[in-house]
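Worksheet: one structure, shown below.
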Amino acid sequence: MSKYNSSHYQDLTNLDQWLYYLENLHSTEIDLGLSRVGKVAERLAINLNFAKVITVAGTNGKGTTCAFIENALLNSKELASQRGVAVYSSPHIERFNERLRINKQDVEDQALINAFKRIEVAREDISLSYYEYTTLAALLVLMETMPSFIILEVGLGGRLDATNIIDADIAVITTIDLDHQSFLGNDRESIGFEKAGIMRQEQDIIIGDTNAPKSVINHANELHKNQVNRIFLRDQDFIVQNTQPHWNWKTKQTQLTELKAPHIPRDNVATALMVLEKLNLTLTPDFVNEVIAKTKVAGRTELIKQKGLCDVILDVGHNPQATRYLAGYLKQIKEQANYQNIYAVVAMLGDKDISASLESLKDDIDFWYTGALSVPRAATKETMASKLALFTNSVNCFDNVDEAFRMANKQANSSDLILVFGSFFTVSKIRAQLTIS
């Protein structure tokens, strides 16, 4: 139970107190559904019609897709007179304020507190989850600041996610894979159906999955059966060509050649480019390469150079699709940088497919270090060790992930690489210990 209750919210004086209150306000951490949040949104008169809204759903790649769209819009000379670009995403890595940024600046504490107060009055006896509450707060702040473009990253699924109370101008599906099965279903078709729930009639739909489930395609087609040229599919309407060391991207309207390798997954850049074309942004190779160079996202294959120590890569990957991508990335970077050994520091949540996620990397990691996270849903250190023991004899188990990283950092040579992955919580813990330049 919280030490605060709804009649004493006036006693909350800072953001940390408010967040503690919200964490203890609702009985369930994840409680999908639009009825509660929708009623409160109606009372608050939530309306984003002043902006062009893009909603991005998918199993992986949402954050990096959003970041590329954001950087392109902010760096376009065509849009210099526009009011700005906002991105709402979750979870955060270090500070809660990261969840809403406007023109690359994290939202201020007081703007959130003001929004929380309005929600607390409006909700009356309606119980809201932490995520529903904070989503409404972000929407209220956006109504105050009125940016020209708003990019909403879906938190979980799509159909029943709190962001889906907004009718977007463009719906984006990045990828569909197995994750959050207890909420979304046990196969790609079921999960695809939930993700496709963000789609609307009279909007452009962009699907970046190279093998999209039928549930996604069928839902898009049903919505647009009386319309043409509103659904855009990867490998059909926008195409990537590999021309090492560069790559090309093309549609019927645009041809981009000699694009540089991005810091984020290329597939997500390809999807973002389709969004930008539908926003009528002029795309040239020089402009796209400029945005590619600028788009780096914290915790997504983020390379940290430690002074006098080995390099560290941070990645929030926590499902089999994400770790399959990591495996390919590690092979490439090991060859390029000539790393000798790769140490993995991993901690995951217990409701993830731990075995399949770890197994994707079994041929790429030389030494494994694991420990527990101090969150309720975390897998125990014993669980992590037992899963790793199925395919490696090199398991070093510690009480917590901090100790696991400290020991890996001590054992690794300067010519080695440490990969930290498995959860946003894992990356957050370790990133806080590193000097980020």
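The values are calculated or read from the model by the stated rules, or taken from the named source; none is laboratory data. Only a predicted model underlies this, so the values are computations on that prediction, with no experimental measurement involved. With ideal geometry, Cβ positions are generated from the backbone for all residues, glycine too; neighbour counts draw on all protein chains shown. Heavy atoms of the whole protein, side chains included, go into the accessibility calculation; ligands, DNA and RNA do not. Shrake-Rupley method; radii C 1.70, N 1.55, O 1.52, S 1.80 Å.
Things worth noting here:
- Take LYS117: with every protein chain present and a 1.4 Å probe, its accessible area is about 80 Å².
- Surface accessible to a 1.4 Å probe, MET199 within the full protein complex, Å²: 10 Å²
- Ellipticity estimate at 222 nm from DSSP helix runs (n ≥ 4, -39,500 (n - 2.57)) divided over the chain, nearest 500: -11000 deg cm²/dmol
- Across the options GLY61, TRP18, ALA45, the greatest Cα extent toward the positive end of the charge dipole of the chain (unit charges at beta carbon of Lys, Arg, Asp, Glu) belongs to GLY61.
- Legend: distances between Cα atoms for LYS104/LYS294; LYS62/LYS195; LYS252/LYS278; LYS52/LYS260; pairs beyond 18 Å are LYS52/LYS260.
- Taking the stretch 186-264 and dividing mean pair separation by its residue count, relative contact order in percent (alpha carbons under 8 Å, at least six apart): 22 percent
- Global geometry of the stretch 343-437, whether rounded, prolate or oblate, following the gyration tensor of its Cα atoms and the 1.5 cut on a/c: oblate
- Cβ-derived FRET efficiency at R0 56 Å, ASN413 paired with ASN186, nearest 0.05: 0.85
- Overall, the chain carries a charge dipole of about 560 debye about its Cα centre when +1 sits on the Cβ of Lys and Arg and -1 on the Cβ of Asp and Glu, all other atoms neutral.
- Solvent-accessible heavy-atom area per residue, rounded to whole Å², over the chain at 1.4 Å: 44 Å²
- For ILE418, the shell of other residues with beta-carbons less than 15 Å away shows a net charge of -1, using +1 for Lys and Arg and -1 for Asp and Glu.
- Seen from ALA379, the other residues with C-beta closer than 12 Å to its C-beta sum to a net charge of +1, counting Lys and Arg as +1 and Asp and Glu as -1.
- Ordering 51-59, 207-215, 188-196 by mean Cβ neighbour count within 10 Å, with the highest value first, yields 51-59, 188-196, 207-215.
- Largest GNM mean-square fluctuation across ALA347, ALA372, ALA327, computed for the chain with C-alpha springs under 10 Å, falls on ALA327.
- Carbon/sulfur fraction of accessible area - the chain, other protein chains in place, 1.4 Å, %: 45 percent
- Environment charge of LEU140, counting only residues whose C-beta is closer than 15 Å and scoring Lys/Arg +1, Asp/Glu -1: -1
- Listed residue (SER357, THR134, ILE304) projecting farthest to the positive dipole end of the chain, Cβ model: ILE304
- Assigned charges on the beta-carbon of Lys, Arg, Asp, Glu; the stretch 74-136 dipole about Cα centre (debye): 300 debye
- Measuring nothing but how far apart in sequence close Cα pairs (under 8 Å, 6+ apart) lie, relative to its length, the chain scores a relative contact order of 14 percent.
- Residue with peak Gaussian network fluctuation, the chain [Cα springs, cutoff 10 Å], from ALA122, ALA270, ALA45: ALA45
- Taking the DSSP bridge list for the stretch 303-437 and keeping only pairs wholly inside it, about 15 percent are antiparallel.
- For the stretch 365-437, the set of chymotrypsin sites (Phe, Trp or Tyr not before Pro) satisfying both a DSSP loop assignment and a count of at most 15 other C-beta atoms within 10 Å is given as PHE391.
- Candidates LYS39, LYS250, LYS225, ranked by Gaussian network fluctuation over the chain, Cα under 10 Å, top entry: LYS225
- Label-to-label distance, GLN244 versus ARG377, with points set 7 angstrom from Cα along the beta-carbon direction: 3.9 nm.
- Annotation: the antiparallel percentage among DSSP beta bridges lying fully within the chain is about 30.
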